[in-house]
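Chemist: Here you go, one structure.
The values are calculated or read from the model by the stated rules, or taken from the named source; none is laboratory data. Since this is a predicted model, take the numbers as computed values, not measurements. FYI the Cβ positions are ideal-geometry reconstructions off the backbone, even for glycines, and counts take in every protein chain you see. Note: accessible area is taken over every heavy atom of the protein model, side chains too, but ligands, DNA and RNA are not part of it. Shrake-Rupley method; radii C 1.70, N 1.55, O 1.52, S 1.80 Å.
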Amino acid sequence: MKKIMNTGLALSFALLLSACGMPSSEELTGDVKEAQEKVKNVQVKVTGKEEGSSDYQVNGVQEFDFKSKAGYINAKMNGEELKMYHDGDETLAVAGEESTKVQGEEKKYVAALINNAMELQQNPIRYYQKYDKNLPNEFDVTEKDKEYVLTFNGDKDKKQKIVADDAKAYYKITNQGSDTAVDLDQIKGKDFSLVVTIDKETKQVKKVVKNQSYSVKVDGKTENSKSKQTYTYTYNQLDNVTKPKVEAKAGAASKDSSTETPSKEK
């Protein structure tokens, strides 16, 4: 009997130590914030799909230098490739055989898309905290080998608010000067999930899987969007952010080929 009790006590003690060694959501997201702020540059592999008014698969790469504020997006959607680049000096776009230096209002549009993506990829947790101030405390924390896994556990109302607010922010960018009427007040979030994989040693984000769905009224008709994106991160390996080659003449990027969207590839 004494042996059994000792074994039980030892097991309980081991479990207690394990529990004590697991960081809380607030502690871990705080460590992630510090680690991500030290990152100089990042390359992000993007995969995803959308179901809705237009169904397609997305594969691409995003590159960002957080010191120079240079950003590059290369997205292939159902085989069609779009490249965009922006820094403090110039804004470039390549769609199919058309390559341009973007000027005027279109420059503001492309720059806003890239800057929004840069903010997301520098720290996805901080990005979504814009819409839910308490988000750093709202993750279930588990561990797997050399990783921590953060799974967002916010309630239904919070999930719907995050999706709706992010969709509104996106349409405010993409709908500037457009003939398409998007009713921002009628955007309704349906669901949202966020799983963030963290490297135990560096506390850097290794992978993000995001699912979301919402509805929006476009030209008076309700459209539904359901999407999934996966981001995989490589840090501080870029000598320079990729800059696409373009023709010398100025032109405009097509908004129909946008890659930075809360339901598409962002």
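Chemist: So with the 1.4 Å probe, I'd like the accessible area per residue for segment 83-229, rounded to whole Å². Write out the running numbers ahead of the final one.
Modeler: Numbers: 7130 Å² over 147 residues.
Counting only protein heavy atoms, the per-residue value for segment 83-229 is 49 Å².
Chemist: Now a separate question. Applying a 10 Å radius around every beta-carbon, put 134-145, 109-120 in order of their mean neighbour count, most first.
Modeler: Numbers: 134-145: 14.7, 109-120: 21.0.
Per-residue mean Cβ counts within 10 Å order the peptides as 109-120, 134-145.
Chemist: Further question: Taking a spot 7 Å from the Cα of VAL149 along the direction of its beta carbon, which residues of segment 194-217 have an amide N less than 13 Å from it?
Modeler: 194-198, 207-209
Chemist: Please list log₁₀ I(q)/I(0) at q = 0.30 Å⁻¹ for segment 144-204, using the Debye equation with identical point scatterers on the alpha-carbon positions.
Modeler: Ignoring solvent entirely, the Cα scatterers give -1.14.
Chemist: Given 25 °C and 0.890 mPa s, how large is the Stokes-Einstein diffusion coefficient of segment 24-180 in µm²/s, with Rh as the Kirkwood radius over Cα pairs? Let's see the in-between values first.
Modeler: Working: Rh = 17.6 Å.
Taking Rh from Cα pairs, D becomes 139 µm²/s.
Chemist: To continue, here is another question. For segment 101-143, just run the numbers: alpha carbon Rg, then divide by 2.2 N^0.38 Å, N being how many residues it has.
Modeler: On the way: Rg = 15.2 Å, N = 43, 2.2 N^0.38 = 9.2 Å.
In units of the globular-protein estimate, segment 101-143 measures up at 1.66.
Chemist: Also, quick follow-up: Among LEU82, PHE152, ALA93, whose Cα sits farthest toward the positive end of the charge dipole of segment 26-171 (+1 at Cβ of Lys/Arg, -1 at Cβ of Asp/Glu, about the Cα centre)?
Modeler: Of the candidates, ALA93 comes out farthest on the positive side.
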